[in-house]
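Beneath this line is the structure, given in structure tokens, with notes to follow.
The values are calculated or read from the model by the stated rules, or taken from the named source; none is laboratory data. What you are looking at is a predicted structure, and each value in this text was computed from that prediction instead of being measured. Cβ sites come from the backbone with ideal geometry, for glycine too, and all protein chains shown count toward neighbours.
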Amino acid sequence: MEDTYDFEYGKYIEHSILRPDTKRCDVESFCQDAIDYRFVAVAVTPANVKYAVEYLKDTDILVGAAIGFPLGTSTTFIKVAETIDAIHNGAREVDMVINIGALKDGLYDFVREEIRQVTEAAHPSVPVKVIIETYLLTDEEKKTACRLAVEAGADYVKTCTGFNGGKATVEDVKLMKEAVGGNCKIKASTGIKSRAIADALLAAGAVRLGTSSGIRIEAGN
């Protein structure tokens, strides 16, 4: 491969392969992409963590596991168990989906405690990203979700799963950055299909980009 790309983008990109029809050969292809383009991480479902870790064992590329994905409606016990299992299989980051219905019901203590339990299961060695599913929330609910994530000790708040509609927007990233007040990092995910979109989200405050279009972004498209 000719070294003609701006590899600086790689440190922001989590190369994501989360489709339900993902085959082992797909995981292998995405892991090889991550090696070739120097992406910081690959994001996979828990069932594919062990395989991705094995493929990437001689690299410094992180493997992230999607927890409670994509609906967030698993019980807290299952989310914690999934987190522990993913870490046991080699995951070095976890991205958990909040219980969106509980947030909308105003069950803030429940939402906070669930995030706390997942974070406690992962820390101190594995950072936790909390997916708030911005598309389904009002601006006030987004702010509340960010506040609860901070209070629970999470490391990042993240925009979307990509499975329930919507996409990462500059407006949401700015809102989330303001809401966390420097106490969490921001991950933008879903709909990041060009370098122009990536640039706008990074400028707004995102420090990670979850996308399957990393190669296109690296190439400047």
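In table form, for the structure just shown:
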item: Test: Ala168 is under 18 Å from Ala66 (Cα atoms), in contact with a Ser or Thr (Cβ under 6 Å, 6 or more places away or on another chain), of a type in the set (A, V, I, L, M, F, W, C) and surrounded by 19 or more Cβ atoms within 10 Å (Cβ to Cβ); result: yes
item: Selection within region 54-93 - more than 13 Å from Val27 (Cβ to Cβ), assigned to a helix (DSSP H, G or I) and of a type outside the set (Lys, Arg); result: Thr76, Phe77, Ile78, Val80, Ala81, Glu82, Thr83, Ile84, Asp85, Ala86, Ile87, His88
item: Of all residues in region 77-109 being in contact (Cβ under 8 Å) with a residue 24 or more places away in the chain and surrounded by fewer than 18 Cβ atoms within 10 Å (Cβ to Cβ), the one that is farthest from Thr144 (Cα to Cα); result: Gly90
item: Members of region 32-45 found to be crowded, with 18+ Cβ neighbours inside 10 Å and part of a helix (DSSP H, G or I), listed by number; result: Asp33, Ala34, Tyr37
item: Condition met for Thr59 (modelled with pLDDT of 95 or more, touching a helix residue (DSSP H, G or I) at 6+ places or on another chain (Cβ under 8 Å), of a type in the set (S, T, N, Q) and surrounded by fewer than 21 Cβ atoms within 10 Å (Cβ to Cβ)); result: yes
item: For Glu113: the one exception among (1) touching a helix residue (DSSP H, G or I) at 6+ places or on another chain (Cβ under 8 Å); (2) in a loop (DSSP other than H, G, I, E, B); (3) of a type in the set (D, E, K, R); result: (2)
item: The one condition in (1) crowded, with 17+ Cβ neighbours inside 10 Å; (2) outside any strand (DSSP E or B); (3) small (Gly, Ala, Ser) that Ser29 fails to fulfil; result: (1)
item: Members of region 173-194 that are in contact (Cβ under 8 Å) with a residue 12 or more places away in the chain, over 26 Å from Asn221 (Cβ atoms) and part of a loop (DSSP other than H, G, I, E, B); result: Gly181, Asn183, Cys184
item: Residues satisfying the stated conditions in region 129-145, i.e. surrounded by fewer than 24 Cβ atoms within 10 Å (Cβ to Cβ) and assigned to a helix (DSSP H, G or I); result: Tyr135, Leu136, Asp139, Glu140, Glu141, Lys142, Lys143, Thr144
item: Boolean, Leu209 is aliphatic (A, V, I, L, M) and in a helix (DSSP H, G or I); result: no
